[in-house]
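Below is one structure, written out as structure tokens, with a few remarks after it.
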Amino acid sequence: MLGGAMIGAGMFSLPTIMAGAWFINSVIILLVVCFFMFHSGIYILECISKYGSGTNYFFISKELLPKWACYIANATLIFVLYILIYAYISAAGSVIKEAAIIYGFDINLRLIFVTFTLILGACIWSSGIGASRLTSIFLLIKIVLFFLAFFGLFLIVEMDLLITSPVEGGQASLIPFVFIIIPYAITSFGYHGNVCSLYKLYHENERKVVKSCVIGCLLALVLYFLWILGTMGNLPRAEFLNIINKGGNLDAFIESLYAVLNSKHLATFLLWFSISAVFCSFLGVAIGLFDYILASLKFQDNSSGRMKSALLCFLPPLLFCILFPNGFLIAIAYAGMAACVWAIICPAVMVLKVRERFPESTFKVWGGKGLIYAVITFGVIGITCQLLAQLNLLPIYR
């Protein structure tokens, strides 16, 4: 489930937004973000483990944060999950339409939005466990297609493109472009909305949840590294400007890679990898929001209650996507800024409180207060980077 939530359509935003800082600087940022996101996620686990299975983020934030902070935390959580679902519906529309054109069909984009949401939404409504297994299936398909599609890219990687600075002044001159990467990378390691669902799924076994978080984060880190290796090692830095100018959506990225691959079979693998990535991302995030709504509004876990949760979960982002169909890259950025609040800062603050309230607890995340305050600082840096970018005070490659 966690791999499905992290490794998906959001990865298509990474090479585009990393083009400014280029390869070496981007790899360093990925390692740093992965470290802090892993720990902030298991801080949520430490908090919910004190209250038992069925506890959700809303409950622990209400218990452990001041009232005003609880409202802010949950508002940003809802915003992130909704905007990611919107981003993935938008991405699904662009990539499925691209596939349809290749196979000789011209399907209305908004019809794709509706059909995609109805089918996968119905899977989540019918069974949480079934949807989780479906996510795992798509994740497996995605990994297989990833290597089938990009094996050709790895064979023709130009190391000079990766190692040599694309501008005068060396790697140091690219450092100002590093900071805009942070909000996007945060979104790419965003599995936090699924921690409560995993704790329930694994019957309150903290070790299994931690193991799942470790595997999910490492798997995401490795695939992201290979992804930027294959793309930046084949596309010159200037080529990313064309993708950015087309809105940064999946279809623009795929078109640029088609020209490099120059192979019908590899291009087909890339296309279906993109589709499986979108499906996987949508399911991973939507399961988290669906369970959050179900628990927070105290709907019965039956057909009627799950239908209410499904309507609240899927209808708003679907309507927004119909009105604004090309917001993928922008949505990912805003999701990263909001995630800094609910997925990084608030879990760290809550774990300080929960350790005061349950000092004899057997399950406690390593690192002590030093790591907790480092996580909070990282969250503040992430918010600051996105705010500076919105005010045009942060260098952005465009």
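Rounded to the nearest 0.05, the FRET efficiency derived from the C-beta distance between TYR373 and PHE324 at R0 = 56 Å is 0.90.
Membrane-span-like helices in the chain, defined here as complete DSSP H runs extending at least 27 Å along the helix axis by their C-alpha atoms with mean Kyte-Doolittle hydropathy no lower than 0.5, are 22-48, 67-102, 128-155, 206-232, 264-296, 303-323, 368-390; this is a sequence and geometry rule, not a statement about a membrane. Size descriptor for region 10-155, Kirkwood hydrodynamic radius: 19.1 Å (Cα pairs only, one decimal). Of all the options GLY305, GLY367, GLY233, the one that moves most in a Gaussian network model of the chain with Cα springs shorter than 10 angstrom is GLY367. For the peptides 103-113, 218-228, 73-83, 269-279, the ranking by packing is 269-279, 73-83, 218-228, 103-113, with the highest mean count of neighbouring Cβ atoms within 10 Å listed first.
Taking label points 7 Å from Cα along the Cα-to-Cβ direction, SER127 and SER303 give a separation of 1.6 nm. Mean separation of Cα pairs under 8 Å and 6 or more residues apart, divided by the residue count, gives the chain a relative contact order of 39 percent. Build a GNM of the chain with springs between Cα atoms under 10 Å apart, and of LYS211, LYS62, LYS50 the one that fluctuates most is LYS211.
In this Cβ point-charge picture (+1 for Lys and Arg, -1 for Asp and Glu), region 289-398 has a dipole of about 120 debye about its Cα centre. Ordered from largest to smallest accessible area (heavy atoms of protein chains, 1.4 Å probe), the residues TRP125, TRP366, TRP22, TRP68 come out as TRP68, TRP366, TRP125, TRP22. Ordered from highest to lowest accessible area with the whole protein assembly present and a 1.4 Å probe, TYR334, TYR71 read as TYR71, TYR334. When the chain is modelled as a GNM with alpha-carbon springs shorter than 10 Å, which of PHE358, PHE154, PHE138 fluctuates the most? In this elastic network of the chain, the residue with the biggest mean-square fluctuation among PHE358, PHE154, PHE138 is PHE358.
A simple charge model with +1 on the Cβ of Lys and Arg, -1 on the Cβ of Asp and Glu and nothing else charged puts the dipole of region 60-191 at about 640 debye relative to its Cα centre. The convex hull of the Cα atoms of region 10-70, projected and averaged over all directions, covers 6.0 nm². Every pair of different Cα atoms in region 180-238 enters the Kirkwood calculation, which places the hydrodynamic radius at 13.4 Å. In the chain, the alpha-carbon atoms span a convex hull of 130 Å³ per residue.
In terms of distances greater than 30 angstrom between alpha carbons, the cross-link table entries LYS62/LYS369; LYS97/LYS211; LYS97/LYS200; LYS97/LYS298; LYS67/LYS142; LYS142/LYS298 yield LYS97/LYS211; LYS97/LYS200; LYS97/LYS298; LYS67/LYS142; LYS142/LYS298. Taking only protein heavy atoms and a 1.4 Å probe, the accessible area of region 308-392 is 72% carbon and sulfur.
When the Kirkwood radius is taken over all Cα pairs of region 314-398, what Stokes-Einstein diffusion coefficient follows at 37 °C and 0.692 mPa s, in µm²/s? Rounded to a whole number, D works out at 212 µm²/s. Rolling a 1.4 angstrom probe over region 71-143 with all protein chains present gives an accessible area of which 77% lies on carbon and sulfur atoms. In the chain, helical runs assigned H by DSSP with n ≥ 4 each contribute -39500 (n - 2.57); averaged across all residues and rounded to the nearest 500, the mean residue ellipticity at 222 nm is -24500 deg cm²/dmol.
Once the 1.4 Å probe is applied to the protein heavy atoms, the chain comes out at 41 Å² accessible per residue.
The charge dipole of the chain, taken about the Cα centre with unit charges on the Cβ atoms of Lys, Arg (+1) and Asp, Glu (-1), comes to about 980 debye, rounded to the nearest 20. Each Lys or Arg adds one and each Asp or Glu takes one away; over the other residues whose Cβ falls under 13 Å from the Cβ of MET350, this sums to +2. Among the trypsin sites (Lys or Arg not before Pro) in region 270-325, those placed in a DSSP loop whose Cβ has at most 14 other Cβ atoms within 10 Å are LYS298. Against the criterion of solvent-accessible heavy-atom surface with a 1.4 angstrom probe, SER212, SER173, SER26, SER304 sort, most first, into SER304, SER173, SER212, SER26.
The values are calculated or read from the model by the stated rules, or taken from the named source; none is laboratory data. It should be emphasised that the depicted structure is a prediction, and the values quoted were computed from it without experimental measurement. Neighbour counts are summed over all protein chains in view; Cβ atoms, including those assigned to glycine, are modelled from backbone coordinates with ideal geometry. Quick note on the areas: whole protein, heavy atoms, side chains included, nothing else; ligands and nucleic acids left out. Shrake-Rupley method; radii C 1.70, N 1.55, O 1.52, S 1.80 Å.
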